[in-house]
Amino acid sequence: MCGIVGVLQYQAEKKSQQEFINWALQSMHRRGPDSNGNWNDDVYHTGFVRLAIRDLTNHGNQPMHSQCGRYVLSFNGEIYNSNDFKVELEKEGIQFLSTSDTEVLLYALIKWKPKEILSKLNGMFAFAFYDKQEKKLVLARDRVGIKPLYVGYSNDGIVFSSQYDHIINHSFCCNNSFDAAAIALYLNLGFMPDKSAVVQNTMLFPHGHFAEVSETSTIKITEYYSYPFQNKKTITTDLNTVLQQSVAQQLVSDVPIGTFMSGGVDSTLITSYAVENKKNIQSFTIGVEDKKMDESDAAAQFASAFKTEHQCRFIKQSEVLQILQDNFEAYSEPFADYSSLPTLLLSKMAREKVTVVLSGDGGDELFWGYPRNQKIINASQMFRHNLLVRNFKFLKEKVLSSPKRNILKRHILTDNYIEYYYKSVYINGSEAWVDKLMNVEASQPYFLKQLTAEKKDLDEENTIMNKIRKLEMDIHLQRILIKVDRASMFNSIEVRVPLLDNSVLDYSAGTGFKDCIHATHGKSNLKKLLAAKTNPQLVYQPKKGFTVPLAHWMRNELFTEISDCILNMPPHLSVYFNKKTIQLMLSYHKSGKQDNSWILWAIYALVKWDSVHRNKFKN
C-alpha cells in the first residue's frame with residue numbers, strides 16, 4: 001500500500017517539478033513510511049512512497065522501470081491474482097527480479113496493453129504507467145474505487161496523486177475557482193463522488209476507468225468495468241466457496257495481518273474465513289460505554305468462537321473530541337462522514353499490532369443489507385402515476401388527514417423512483433437546507449443519468465432492486481471506501497476488502513434481491529453462512545453500530561467552535577452561502593427544535609478542509 005504522484009507537461013518550455021514532487025512525497029509520508037523515490041524525463045515526473053507489504057526488499061521499490069528501460073510504473077495497491085500473469089510472462093522469457101506484484105503488473109501492461117489486461121486484474125489499485133519512448137501516460141483505478149486517484153488538468157498539463165491536496169496546490173490548479181454546484185453536491189452526499197470535485201478542473205478519477213494521456217495534450221478516459229444492473233450471469237459456484245477463496249488470496253502478506261471485527265455480520269464472517277486459512281489472526285474492536293451503541297460484547301463472543309487474538313479498546317467521548325485536528329489532516333478532500341473519527345481510532349489501535357487488516361465493507365451494498373433497500377418496492381409504485389395524479393393523491397390524503405400517507409412530498413418533488421431513492425442516501429438535513437443555503441442546483445453524479453435514462457421498468461421489481469444496488473455501489477460505498485482508506489493510511493495500515501473481490505462482485509451480480517431479503521432481514525445469505533458457524537442468536541440480533549453523539553456535541557462542547565468557524569468563513573467561501581440561513585440552522589439546532597448536526601458538520605468540514613489543505617505549497 002502506497003501513495004503515487006506525478007505531472008505530465010504539454011508545453012514546449014517545461015518547468016522543473018522537483019520541488020513539488022519532493023513536497024508531495026513528504027506530505028504523504030504516512031501513506032508510505034518505508035521508502036520513497038522519484039524519476040523524471042523532459043516531459044514526465046513521478047514520485048512514490050511505499051508501505052512495504054510484499055517483498056520487503058529494495059526490489060519492490062518504485063517508481064519501477066522495465067529491464068529494457070522504456071517503461072516506468074508507479075503503483076498503489078495489491079493485485080491478488082498476479083501469480084496467474086507471472087506464470088504466463090515467465091513462459092515468454094521474463095526473468096523477475098522480485099516477488100512483488102508491482103513487477104508482474106509492469107510486464108503485464110507491457111505485454112497485453114492496459115485495455116486488455118485491466119478487466120482481468122483482481123485487486124485494489126491506482127497506477128500510472130508511462131511509455132518513455134512514446135511520451136504517453138496511462139492512469140487507471142480499480143473496479144469499485146477501493147484505492148484513490150485524483151487528477152487536475154490545464155492547458156499546461158495534467159497532475160495526479162493519491163491525495164487531493166496535491167492537486168489543488170499544484171500550479172496547474174491552485175488558482176482555480178470553486179464550483180458552486182459541486183459544493184452543493186458535496187453538502188447533499190457528504191463527500192465528492194467520482195468525476196467531481198469542489199475545485200474546477202479537478203476530479204476524483206472514476207473507478208472502473210482508465211485514461212490515456214499524451215504530451216500533445218489529449219486525454220481519453222475509457223470505462224473498462226461497471227457494476228451491472230441486470231442479472232446476466234449464471235451462478236456456478238456457491239457463496240461459501242467464493243468467500244473462502246477470496247479471503248484466502250487476500251491473506252497473502254509478508255507482514256502481520258488481522259481483521260476489523262465490529263461485532264456485525266460482514267466483518268465477523270470475513271474473520272471466520274481468515275482463521276480457517278491462517279493461524280494467529282488478530283481481531284480489533286472498539287468498545288464504548290453507552291450500551292445502546294456498544295457491540296464489543298458480541299465481538300468478544302465471536303472472537304472466542306473463532307479463537308482470534310482479540311483486541312478491544314474502550315474509548316471515551318473525550319478521546320474522540322481530541323482527534324478532531326487529526327481527522328481534518330487525514331482527509332485532504334472535503335469529507336463530512338463523522339464516523340471517520342472512530343475509524344481513525346480503530347486504525348491507530350490496529351497499527352500497534354499489524355500492518356494489514358481485512359474489513360467487511362461491501363456486504364450491505366452487494367446483498368441489499370440496508371433497511372432503505374426494502375422500502376423501495378412500495379415507494380416505486382407511486383411513480384406509475386403521472387405528476388398530476390400524484391399531486392391530487394397527495395392533497396387528498398392531506399385534506400382527509402389519512403393516518404397512513406402513501407403519497408409523500410418527496411414523491412411529487414422527484415421525477416422517478418431512482419431520483420427518489422438517490423435522495424435517501426443524502427446526509428441528514430441536506431434536502432431541507434441546501435437550496436436555501438446556496439441558491440444553486442447541485443450537480444448530479446455522472447452515473448445517475450445512466451440509471452434514470454430507462455424509465456420503462458416500473459413493473460419489473462428485479463430491475464428496480466438491481467438499479468438501487470448499483471446506486472449504492474456507486475455512491476454510498478464510495479463514501480465508506482474514502483473513509484476507511486484515509487483513516488487507515490493516516491496510520492500507515494493497509495485495509496483489504498474481500499467482499500469486493502472480483503469473484504464476489506461476479507457472484508453478487510447473478511443474485512436477485514429475493515435471494516437476499518427475507519422478511520425484515522437483508523443480506524440473509526451472508527447471515528445464514530455466519531449462523532451455520534456460530535451462535536445464530538448473535539447473528540440475528542439487531543445491529544447497533546458505534547456512532548459519535550454529534551448532535552449532543554454540537555449543542556454543547558462543539559457549538560462555539562463550529563458556529564464561530566462557519567459564521568466567519570473566509571470571503572472566498574462565504575460568497576457561496578446565505579449567512580442568515582446558517583444562523584437559522586444553528587439556532588434551530590441549539591434550541592433542540594431540529595437536528596441539523598450533520599449538515600452543519602458538512603459546512604464545518606468544508607471550511608476546515610479549506611484552511612488545512614489549500615495554499616500549503618508555494619512554488
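Below, the figures for the structure above:
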| read-out | value |
| --- | --- |
| Verdict on Ser154 being more than 22 Å from the chain's Cα centre (by Cα), in the same structural domain as Ala128 (by TED's automatic domain parsing) and under 21 Å from Ala442 (Cα atoms) | no |
| Region 261-279, residues that are in contact with a strand residue (DSSP E or B) (Cβ under 6 Å, 6 or more places away or on another chain) and either farther than 20 Å from Asn240 by Cα or in a helix (DSSP H, G or I) (or both) | Ser267, Ile270, Thr271, Ala274 |
| Only one of Gly6, Gly32 that is in the same structural domain as Thr99 (by TED's automatic domain parsing), in contact with a Leu (Cβ under 7 Å, 6 or more places away or on another chain), closer than 12 Å to Ser74 by Cβ and surrounded by 19 or more Cβ atoms within 10 Å (Cβ to Cβ) | Gly32 |
| Hits in region 152-167 - residues which are in contact with a Gly (Cβ under 7 Å, 6 or more places away or on another chain) and assigned to a helix (DSSP H, G or I) | Ile167 |
| Any hit, region 428-435, residues being among the aliphatic types (A, V, I, L, M), modelled with pLDDT under 95 and closer than 25 Å to Val497 by Cα | no |
| Among (1) of a type in the set (Phe, Trp, Tyr); (2) buried (at least 22 other Cβ atoms within 10 Å of the Cβ); (3) over 27 Å from the mean Cα position of the chain (by Cα), the one test that Phe48 misses | (3) |
| Residues satisfying the stated conditions in region 557-577, i.e. farther than 15 Å from Trp601 by Cα and within 30 Å of the chain's Cα centre (by Cα) | Pro570, His572, Leu573, Ser574, Val575, Tyr576 |
| Candidate set from region 28-48 (those that are in contact with a strand residue (DSSP E or B) (Cβ under 7 Å, 6 or more places away or on another chain) and part of a loop (DSSP other than H, G, I, E, B)); member that is farthest from Phe617 (Cα to Cα) | Asp34 |
| Some residue of region 457-467 being assigned to a helix (DSSP H, G or I), crowded, with 19+ Cβ neighbours inside 10 Å and in the same structural domain as Thr355 (by TED's automatic domain parsing) | no |
| Out of Thr222, Thr237, sole residue that is among the polar types (S, T, N, Q) and part of a strand (DSSP E or B) | Thr222 |
| Residues located in region 51-68, provided they are closer than 14 Å to Asp101 by Cβ and surrounded by 17 or more Cβ atoms within 10 Å (Cβ to Cβ) | Leu51, Ala52, Ile53, Arg54, Asp55, Gly60, Asn61, Gln62, Met64 |
| Any hit, region 297-317, residues being β-branched (Val, Ile, Thr), over 20 Å from the mean Cα position of the chain (by Cα) and under 28 Å from Trp609 (Cβ atoms) | yes |
| Filtered residues of region 174-187 (kept if surrounded by fewer than 20 Cβ atoms within 10 Å (Cβ to Cβ) and either in contact (Cβ under 8 Å) with a residue 24 or more places away in the chain or among the basic types (Lys, Arg) (or both)) | Cys174, Asn176, Phe178, Ala180, Ala181 |
| Residue list for region 525-550, filter: surrounded by 13 or more Cβ atoms within 10 Å (Cβ to Cβ), without any contact (Cβ under 8 Å) to a residue 24 or more places away in the chain and not in a loop (DSSP other than H, G, I, E, B) | Lys528, Ala531, Pro536 |
| Answer from Lys375, Lys348 - the residue that is charged (D, E, K, R), part of a helix (DSSP H, G or I) and closer than 30 Å to Asp415 by Cβ | Lys375 |
| Residue identified as within 21 Å of Asp266 (Cα to Cα), free of Cβ contacts under 8 Å to residues at least 12 places away in the same chain and not assigned by TED's automatic domain parsing to the domain that holds Ala184 among Ala509, Ala519 | Ala519 |
| Qualifying residue in region 383-392 (condition: modelled with pLDDT of 75 or more, more than 30 Å from Ala52 (Cα to Cα), assigned by TED's automatic domain parsing to the domain that holds Gln282 and not in a loop (DSSP other than H, G, I, E, B)) | no |
| Candidates Ser171, Ser196, filtered to the one that is surrounded by fewer than 23 Cβ atoms within 10 Å (Cβ to Cβ), among the small types (Gly, Ala, Ser), in a loop (DSSP other than H, G, I, E, B) and touching a Leu at 6+ places or on another chain (Cβ under 8 Å) | Ser196 |
| Residues that are in a loop (DSSP other than H, G, I, E, B) and closer than 13 Å to Ile110 by Cα, drawn from region 67-86 | Gln67, Cys68, Gly69, Arg70 |
| Cβ-Cβ under 8 Å pairs, at least 6 apart or on other chains, region 562-583 side surrounded by 14 or more Cβ atoms within 10 Å (Cβ to Cβ), far side of a type in the set (Phe, Trp, Tyr) | Ile562/Trp601; Ile562/Tyr604; Cys565/Tyr604; Ile566/Tyr604; Met569/Phe577; Leu573/Phe178; Tyr576/Phe178; Thr581/Trp433 |
| For Asp101: the one exception among (1) among the acidic types (Asp, Glu); (2) in contact with a helix residue (DSSP H, G or I) (Cβ under 7 Å, 6 or more places away or on another chain); (3) surrounded by fewer than 23 Cβ atoms within 10 Å (Cβ to Cβ) | (3) |
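Quick grid of which residues meet (1) surrounded by fewer than 21 Cβ atoms within 10 Å (Cβ to Cβ); (2) in contact (Cβ under 8 Å) with a residue 40 or more places away in the chain:
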residue: Glu212; (1), (2): yes, yes
residue: Phe260; (1), (2): no, yes
residue: Thr268; (1), (2): no, yes
residue: Lys279; (1), (2): yes, no
residue: Ser283; (1), (2): no, no
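The values are calculated or read from the model by the stated rules, or taken from the named source; none is laboratory data. Here the structure is a predicted model, which means the values were calculated and not measured. Note: ideal-geometry Cβ built from the backbone for every residue, glycine included; neighbour counts use all protein chains shown.
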